[in-house]
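Enquirer: Next up is a structure, given as structure tokens.
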């Protein structure tokens, strides 16, 4: 009888709340540091978490994103490959790896990952943005322009939307869809809540609301801004038939101290390759 009573009491008792594992504690520390942009500290915490539990794919993916922030894109790709060994066909990991392959100028590898996610019918901003960008850099301007429709539609913030539009405008122009490009440009007005950005400046430059000197001087801000702005001014010259000036700006984008993994530097690299032909 006593045994029956004890079993009944145990069944009625609330479940025991277990504390997070040491690996999960390290992971949470890494997340907190990542949010504060303390990237080295975040990386060290993720490394500890993985040392304690190497089979948790979330740990490897968080580590990959931190490595990318530190411009260690080769290592970030390796970390995502581990995620995909543990969790095959993970759309988020494939999009991230496709993104980093673009940073590394490896378009074929980027297409392999991003088109796999596209086949899953994912309605995802990150997918549309990066796949369209890879198509654009590969000279597939019509395909890129269409993909940017999805990018604009799924954008979560005004900055996201402007980034899509800045690339879509040049894709439409180069795909021969001049009327659609002009319609986009005519309708573009920066959101009052947006901070100034290189993508806003690109559209305002094409719109005639800013001049070359105004836009070009923002290259001085930092190593990331430099190639983004240089590409914008370069493509403005290229689409207006000034090839030599375009080449000068594309060259600035691919020359240190410009950050070479920035999309402006990557796009400039492929423009220069096409201009050689």
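Enquirer: May I ask you to order 41-48, 119-126, 69-76, 165-172 by the average number of other C-beta atoms within 10 Å around their residues, highest value first?
Expert: The most tightly packed comes first, giving 165-172, 41-48, 69-76, 119-126.
Enquirer: Could you state the principal axis extents of the C-alpha atoms in the chain, from the largest down, to the nearest angstrom?
Expert: Sorted from largest, the Cα extents of the chain read 94, 37, 35 Å.
Enquirer: Between the stretch 187-266 and the stretch 84-141, how far is it from one alpha carbon centroid to the other, in angstrom?
Expert: Comparing the Cα centres of the stretch 187-266 and the stretch 84-141, I get a distance of 24 Å.
Enquirer: Can you order the peptides 175-181, 110-116 by their average number of other Cβ atoms within 10 Å per residue, highest first?
Expert: Going by the mean number of other Cβ atoms within 10 Å, highest first, we get 110-116, 175-181.
Enquirer: Going out from 0 in 10 Å bins, what whole percent of all Cα-Cα distances in the stretch 167-277 drops into each bin?
Expert: It works out to 15, 48, 33, 5, 0, in whole percents.
Enquirer: Separate question: Let me have the 222 nm mean residue ellipticity of the chain computed from DSSP H runs of 4+ only, each contributing -39500 (n - 2.57), with the sum over all residues rounded to the nearest 500.
Expert: That comes out to -22500 deg cm²/dmol.
Enquirer: Here is a further query. Taking the number of other C-beta atoms within 10 Å as the exposure measure, put 66, 157 in order starting with the fewest.
Expert: 157, 66
Enquirer: Whole-Å semi-axes of the stretch 20-96's equivalent ellipsoid, largest first, each the root of 5 times a Cα gyration tensor eigenvalue?
Expert: For the stretch 20-96, the ellipsoid semi-axes come out as 18, 15, 9 Å.
A short reminder: the numbers here are calculations on the coordinates, not readings from a lab. Because the structure is predicted, anything quoted here is derived from the model rather than measured. Positions of Cβ are generated from backbone atoms using ideal geometry, with glycine treated the same way; all protein chains shown enter the neighbour counts.
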